[in-house]
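Undergrad: Here's a structure for you.
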Amino acid sequence: DTGVSQDPRHKITKRGQNVTFRCDPISEHNRLYWYRQTLGQGPEFLTYFQNEAQLEKSRLLSDRFSAERPKGSFSTLEIQRTEQGDSAMYLCASSLGAGGAGTEAFFGQGTRLTVV
Amino acid sequence: DAKTTQPNSMESNEEEPVHLPCNHSTISGTDYIHWYRQLPSQGPEYVIHGLTSNVNNRMASLAIAEDRKSSTLILHRATLRDAAVYYCILRPLGNAGNMLTFGGGTRLMVKP
(Lines give C-alpha, C1' and ligand atoms only; values in the text may rest on other atoms or scores of the structure.)
Protein backbone atom coordinates (compact mmCIF):
# COMPACT_ATOMS: atom_id res chain seq x y z
CA ASP A 1 0.00 0.00 0.00
CA THR A 2 1.54 3.32 -1.06
CA GLY A 3 -1.02 5.61 0.56
CA VAL A 4 -0.67 7.83 3.64
CA SER A 5 -0.12 5.71 6.73
CA GLN A 6 -0.95 6.74 10.29
CA ASP A 7 -0.05 5.01 13.51
CA PRO A 8 -1.65 4.13 15.84
CA ARG A 9 -5.19 3.88 14.50
CA HIS A 10 -6.65 4.19 17.97
CA LYS A 11 -5.30 5.60 21.21
CA ILE A 12 -6.94 5.76 24.63
CA THR A 13 -5.12 7.82 27.21
CA LYS A 14 -5.75 9.26 30.62
CA ARG A 15 -6.14 12.98 31.04
CA GLY A 16 -2.80 14.63 31.66
CA GLN A 17 -0.73 12.07 29.76
CA ASN A 18 1.32 12.86 26.67
CA VAL A 19 0.61 11.15 23.35
CA THR A 20 2.45 11.04 20.04
CA PHE A 21 1.09 10.12 16.63
CA ARG A 22 3.04 9.28 13.51
CA CYS A 23 2.27 9.94 9.85
CA ASP A 24 4.09 8.47 6.87
CA PRO A 25 3.13 10.40 3.72
CA ILE A 26 3.24 9.17 0.16
CA SER A 27 6.97 8.92 -0.50
CA GLU A 28 7.46 11.60 -3.14
CA HIS A 29 5.11 14.13 -1.52
CA ASN A 30 6.88 17.20 -0.14
CA ARG A 31 3.86 18.71 1.63
CA LEU A 32 2.31 17.25 4.74
CA TYR A 33 -0.77 18.42 6.64
CA TRP A 34 -2.38 17.65 9.98
CA TYR A 35 -6.10 18.03 10.56
CA ARG A 36 -8.38 17.34 13.52
CA GLN A 37 -11.95 16.10 13.21
CA THR A 38 -14.49 15.92 16.02
CA LEU A 39 -17.63 13.85 15.81
CA GLY A 40 -20.14 15.14 13.28
CA GLN A 41 -17.90 17.93 12.04
CA GLY A 42 -15.68 18.36 9.02
CA PRO A 43 -11.89 18.21 9.45
CA GLU A 44 -10.15 21.35 10.73
CA PHE A 45 -6.68 22.33 9.56
CA LEU A 46 -3.95 22.31 12.23
CA THR A 47 -0.56 22.72 10.54
CA TYR A 48 1.46 21.99 7.42
CA PHE A 49 5.01 21.32 6.38
CA GLN A 50 6.88 21.77 3.15
CA ASN A 51 9.72 19.30 3.40
CA GLU A 52 11.01 19.75 6.97
CA ALA A 53 9.84 23.36 7.38
CA GLN A 54 6.64 24.03 9.31
CA LEU A 55 5.11 26.83 7.28
CA GLU A 56 1.72 27.38 8.84
CA LYS A 57 0.01 26.73 12.15
CA SER A 58 -3.67 27.19 12.93
CA ARG A 59 -4.71 29.01 16.09
CA LEU A 60 -6.27 25.65 17.02
CA LEU A 61 -2.75 24.38 17.62
CA SER A 62 -2.30 25.32 21.26
CA ASP A 63 1.05 25.34 23.08
CA ARG A 64 0.40 21.77 24.19
CA PHE A 65 0.59 20.61 20.57
CA SER A 66 3.83 20.23 18.66
CA ALA A 67 4.50 18.77 15.25
CA GLU A 68 7.75 17.83 13.60
CA ARG A 69 8.95 16.52 10.29
CA PRO A 70 12.66 16.16 10.96
CA LYS A 71 13.92 14.81 7.66
CA GLY A 72 11.11 15.90 5.43
CA SER A 73 9.64 12.43 5.34
CA PHE A 74 7.49 11.14 8.24
CA SER A 75 5.90 13.51 10.74
CA THR A 76 4.91 13.29 14.40
CA LEU A 77 2.21 15.16 16.27
CA GLU A 78 2.60 15.29 20.05
CA ILE A 79 -0.03 16.42 22.50
CA GLN A 80 1.20 17.16 26.01
CA ARG A 81 -0.98 17.08 29.12
CA THR A 82 -3.99 15.79 27.21
CA GLU A 83 -7.45 17.13 28.03
CA GLN A 84 -10.83 15.57 27.34
CA GLY A 85 -11.42 18.21 24.67
CA ASP A 86 -8.52 16.76 22.71
CA SER A 87 -10.59 13.65 21.96
CA ALA A 88 -10.92 13.62 18.19
CA MET A 89 -9.74 11.98 14.99
CA TYR A 90 -6.34 13.29 13.92
CA LEU A 91 -5.88 13.12 10.18
CA CYS A 92 -2.69 13.44 8.18
CA ALA A 93 -2.61 14.32 4.50
CA SER A 94 0.12 14.78 1.92
CA SER A 95 0.41 16.37 -1.49
CA LEU A 96 2.97 17.11 -4.13
CA GLY A 97 4.38 20.53 -4.88
CA ALA A 98 2.98 23.95 -4.18
CA GLY A 99 -0.70 24.75 -4.45
CA GLY A 100 -1.74 24.30 -7.98
CA ALA A 101 -4.84 23.03 -9.61
CA GLY A 102 -3.88 19.40 -9.75
CA THR A 103 -2.21 18.71 -6.42
CA GLU A 104 -5.03 17.15 -4.47
CA ALA A 105 -4.47 16.04 -0.89
CA PHE A 106 -4.28 12.37 -0.01
CA PHE A 107 -5.51 11.58 3.48
CA GLY A 108 -4.63 8.78 5.83
CA GLN A 109 -7.24 6.86 7.80
CA GLY A 110 -6.55 8.88 10.91
CA THR A 111 -5.72 8.24 14.55
CA ARG A 112 -8.71 8.29 16.87
CA LEU A 113 -7.77 9.70 20.26
CA THR A 114 -9.95 9.19 23.31
CA VAL A 115 -8.98 11.00 26.50
CA VAL A 116 -10.58 9.53 29.62
CA ASP B 1 -12.03 32.45 3.67
CA ALA B 2 -14.76 31.99 1.12
CA LYS B 3 -17.46 29.72 2.46
CA THR B 4 -19.67 27.06 0.96
CA THR B 5 -23.22 26.04 1.81
CA GLN B 6 -24.47 22.49 1.34
CA PRO B 7 -27.60 20.62 2.45
CA ASN B 8 -27.00 18.58 5.59
CA SER B 9 -28.23 15.34 4.06
CA MET B 10 -29.65 13.80 0.92
CA GLU B 11 -31.10 10.43 0.01
CA SER B 12 -30.82 8.52 -3.20
CA ASN B 13 -31.87 5.17 -4.58
CA GLU B 14 -29.22 2.78 -5.76
CA GLU B 15 -28.36 3.00 -9.47
CA GLU B 16 -30.04 6.39 -9.85
CA PRO B 17 -28.19 9.66 -10.53
CA VAL B 18 -27.46 11.97 -7.60
CA HIS B 19 -27.01 15.74 -7.80
CA LEU B 20 -25.27 17.26 -4.80
CA PRO B 21 -25.53 21.08 -4.75
CA CYS B 22 -23.11 23.61 -3.31
CA ASN B 23 -23.47 27.37 -3.04
CA HIS B 24 -20.37 29.55 -2.91
CA SER B 25 -21.56 33.08 -3.59
CA THR B 26 -18.37 34.74 -2.28
CA ILE B 27 -16.00 32.75 -4.50
CA SER B 28 -13.02 34.71 -5.82
CA GLY B 29 -11.58 34.51 -9.29
CA THR B 30 -8.65 32.32 -8.24
CA ASP B 31 -10.61 29.83 -6.12
CA TYR B 32 -10.85 26.31 -7.45
CA ILE B 33 -13.91 24.26 -6.51
CA HIS B 34 -12.88 20.94 -4.99
CA TRP B 35 -15.00 18.05 -3.82
CA TYR B 36 -13.89 15.46 -1.33
CA ARG B 37 -15.87 12.65 0.22
CA GLN B 38 -15.44 10.78 3.47
CA LEU B 39 -16.62 7.22 3.78
CA PRO B 40 -17.39 5.89 7.27
CA SER B 41 -14.24 5.41 9.37
CA GLN B 42 -12.00 6.68 6.56
CA GLY B 43 -10.09 9.86 5.84
CA PRO B 44 -11.41 12.22 3.18
CA GLU B 45 -10.88 11.21 -0.44
CA TYR B 46 -10.49 13.56 -3.40
CA VAL B 47 -13.32 13.33 -5.91
CA ILE B 48 -13.00 16.09 -8.50
CA HIS B 49 -12.18 19.75 -8.98
CA GLY B 50 -12.77 22.54 -11.46
CA LEU B 51 -12.39 26.24 -12.08
CA THR B 52 -14.89 27.41 -14.68
CA SER B 53 -15.69 24.58 -17.06
CA ASN B 54 -17.61 21.41 -16.31
CA VAL B 55 -15.36 18.46 -15.53
CA ASN B 56 -15.74 14.71 -15.77
CA ASN B 57 -13.66 11.92 -14.30
CA ARG B 58 -14.14 8.26 -13.52
CA MET B 59 -15.81 9.02 -10.20
CA ALA B 60 -18.14 11.90 -10.97
CA SER B 61 -18.96 15.02 -12.94
CA LEU B 62 -18.79 18.59 -11.75
CA ALA B 63 -21.15 21.18 -13.19
CA ILE B 64 -20.17 24.79 -12.46
CA ALA B 65 -22.62 27.66 -12.88
CA GLU B 66 -21.67 30.36 -15.34
CA ASP B 67 -21.30 32.93 -12.57
CA ARG B 68 -19.37 30.36 -10.48
CA LYS B 69 -21.54 31.05 -7.46
CA SER B 70 -22.75 27.48 -7.29
CA SER B 71 -21.77 24.03 -8.44
CA THR B 72 -23.22 20.53 -8.51
CA LEU B 73 -21.46 17.23 -8.04
CA ILE B 74 -23.11 14.53 -10.11
CA LEU B 75 -22.82 10.83 -9.40
CA HIS B 76 -24.22 9.18 -12.48
CA ARG B 77 -25.30 5.89 -10.87
CA ALA B 78 -25.19 5.82 -7.10
CA THR B 79 -24.04 2.62 -5.45
CA LEU B 80 -24.16 1.63 -1.80
CA ARG B 81 -20.42 2.34 -1.67
CA ASP B 82 -21.11 5.99 -2.48
CA ALA B 83 -22.78 6.51 0.91
CA ALA B 84 -20.51 9.12 2.48
CA VAL B 85 -20.21 12.74 3.55
CA TYR B 86 -19.46 14.94 0.53
CA TYR B 87 -17.57 18.18 1.08
CA CYS B 88 -17.50 21.11 -1.32
CA ILE B 89 -14.38 23.21 -0.71
CA LEU B 90 -13.00 26.37 -2.25
CA ARG B 91 -9.27 26.05 -2.66
CA PRO B 92 -7.24 29.17 -3.43
CA LEU B 93 -4.51 28.88 -6.00
CA GLY B 94 -1.11 29.31 -4.41
CA ASN B 95 1.04 28.04 -1.61
CA ALA B 96 -1.81 27.59 0.82
CA GLY B 97 -3.47 25.26 -1.64
CA ASN B 98 -4.13 22.33 0.65
CA MET B 99 -4.93 24.10 3.90
CA LEU B 100 -8.49 23.08 3.19
CA THR B 101 -11.49 24.60 4.95
CA PHE B 102 -14.09 21.88 5.31
CA GLY B 103 -17.69 22.76 6.12
CA GLY B 104 -20.25 20.34 7.44
CA GLY B 105 -20.73 18.60 4.09
CA THR B 106 -23.72 16.65 2.80
CA ARG B 107 -24.35 13.19 4.16
CA LEU B 108 -25.50 11.06 1.25
CA MET B 109 -27.58 8.00 2.08
CA VAL B 110 -28.10 5.43 -0.66
CA LYS B 111 -31.06 3.09 -0.42
CA PRO B 112 -30.97 -0.34 -2.06
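The values are calculated or read from the model by the stated rules, or taken from the named source; none is laboratory data. Note that the structure is a prediction, hence the values are computed from the model and not measured. We place every Cβ from the backbone using ideal geometry, glycine too, and count neighbours over all the protein chains shown. These accessible areas exclude ligands, DNA and RNA; they are computed on the full protein's heavy atoms, side chains included. Shrake-Rupley method; radii C 1.70, N 1.55, O 1.52, S 1.80 Å.
Undergrad: Grab the strands (runs of 3 or more DSSP E) fully contained in region A:1-84, keeping just those with 2 or more residues being among the polar types (S, T, N, Q) and within 14 Å of chain B (Cβ to nearest Cβ).
TA: Filter on region A:1-84 gives A:5-7, A:44-50.
Undergrad: Would you confirm whether any residue within region B:84-99 is open to solvent by 40 Å² or more (accessible area, probe 1.4 Å) and more than 10 Å from every other protein chain (Cβ to nearest Cβ)?
TA: no
Undergrad: What residue, among those in region B:62-83 that are of a type in the set (Ser, Thr, Tyr) and closer than 16 Å to B:GLY29 by Cα, is farthest from the other protein chains (Cβ to nearest Cβ)? Lay out the reasoning, then the answer.
TA: So the first thing to find is which residues in region B:62-83 are of a type in the set (Ser, Thr, Tyr), and the list is B:70-72, B:79.
Still in the list and also closer than 16 Å to B:GLY29 by Cα: B:70-71.
Working: B:SER70: 19, B:SER71: 15 Å.
So, considering only residues that are of a type in the set (Ser, Thr, Tyr) and closer than 16 Å to B:GLY29 by Cα, the one farthest from the other protein chains (Cβ to nearest Cβ) is B:SER70.
Undergrad: Here are some conditions: (1) under 16 Å from A:PHE106 (Cα atoms); (2) in contact with a Phe, Trp or Tyr (Cβ under 6 Å, 6 or more places away or on another chain). A:LEU77 meets all but one. Which one does it not meet?
TA: Single failed check for A:LEU77: (1).
Matching residues to (1) touching a Gly at 6+ places or on another chain (Cβ under 7 Å); (2) over 28 Å from B:THR106 (Cα atoms); (3) not charged (D, E, K, R):
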residue: A:LEU32; (1), (2), (3): no, no, yes
residue: A:ARG36; (1), (2), (3): no, no, no
residue: A:GLY40; (1), (2), (3): no, no, yes
residue: A:GLN50; (1), (2), (3): no, yes, yes
residue: A:LEU91; (1), (2), (3): yes, no, yes
residue: A:THR103; (1), (2), (3): yes, no, yes
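Undergrad: If I ask for residues that are at pLDDT 85 or above and not in a loop (DSSP other than H, G, I, E, B), which ones from region B:84-103 would you list?
TA: Once the filter is applied, which keeps residues that are at pLDDT 85 or above and not in a loop (DSSP other than H, G, I, E, B), region B:84-103 yields B:ALA84, B:VAL85, B:TYR86, B:TYR87, B:CYS88, B:ILE89, B:LEU90, B:ARG91.
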